[in-house]
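The structure under discussion appears below in the form of structure tokens.
The values are calculated or read from the model by the stated rules, or taken from the named source; none is laboratory data. Values in this document were obtained by computation on a predicted structure and should not be read as measured data. With ideal geometry, Cβ positions are generated from the backbone for all residues, glycine too; neighbour counts draw on all protein chains shown.
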Amino acid sequence: MRDVAALAGVSLKTVSRVINGTATVDPVLAAKVCRAAAQLNYQPNLTASSLRRGDGRSLMIGLMLGDVASPVSSGIYRSAESMARRRGFGVLAGSLDEDPGQERELASTILLRRADGLIIVPAGHDHSDLRHELDMGTALVFVDRPPRFLAADSVVSDNRDGAAAGVRHLIDHGHRRIAYLGGLTSVFTAQDRYRGYLEGYSGGDARQVANFRLAARLRERRPASRKDWVTILSPAETGRACIIPLDSPKTRSSTCAH
């Protein structure tokens with residue numbers, strides 16, 4: 001900044017005000033500073049700037065997703081990035097891969113870079129370790145799943161009622177044998193969707209659920225795969241319809257019937 005000030009023939013304070021976007025700087029002086037900065041290829045040190053700022057903000061947000069390659073996660077990333085850019089913030093993003101240990105490690109890494117807040121699609125089941133950050137003023141927002149053992153903001157879908165509505169829709173269209181292929185039972189959203197699937201039969205023939213015990217066995221072992229879909233819909237266990245959540249990058253529909 002001193003080199004920029006010397007080349008522009010202005011004070012160091014004027015350079016600082018121009019770099020920080022202060023609107024009251026004389027346009028002529030601001031133009032001199034911008035020309036000098038471009039000539040010297042000056043790049044501001046954002047970390048140092050955040051230490052000097054009165055509010056201590058870094059203008060960076062951490063985004064912790066399940067898998068940045070999945071359609072759901074990439075959609076969240078794109079929306080968060082667009083909104084952050086409009087307000088002058090940058091985004092640091094990473095994948096958790098449903099690993100609580102990786103979640104803690106990534107949160108620590110991002111917070112050490114003085115991020116102003118975290119947007120988290122949580123993999124863990126205990127977020128009490130973030131209470132100190134919340135108390136210190138770090139903004140925390142959980143997406144898709146609520147936090148555990150921590151009172152914080154969250155944005156979630158109504159997975160339970162959505163799955164139940166899907167089952168009722170299929171029943172209304174004449175289907176009675178309805179299979180469910182879902183994610184790991186350790187994941188909050190998968191638990192809620194499966195409960196909704198069962199509740200969708202409320203008032204109907206609950207015995208039909210027993211016809212698809214295979215679906216439950218598959219859920220306990222691993223997330224559903226294409227092979228599982230074929231097994232569920234094979235002649236031996238013929239399903240007239242199925243409910244498929246949209247968590248997998250390979251999944252392209254939420255319901256199917258035949």
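Observations on the structure shown:
- Test: residue in the stretch 25-37 that is under 15 Å from Val143 (Cα atoms), touching a Phe, Trp or Tyr at 6+ places or on another chain (Cβ under 8 Å), aliphatic (A, V, I, L, M) and modelled with pLDDT under 95: no
- For the stretch 53-79, the candidate set comprises residues that are more than 11 Å from the chain's Cα centre (by Cα) and loosely packed, with under 11 Cβ neighbours inside 10 Å; within that set, the residue that is modelled with the highest pLDDT is Ala69.
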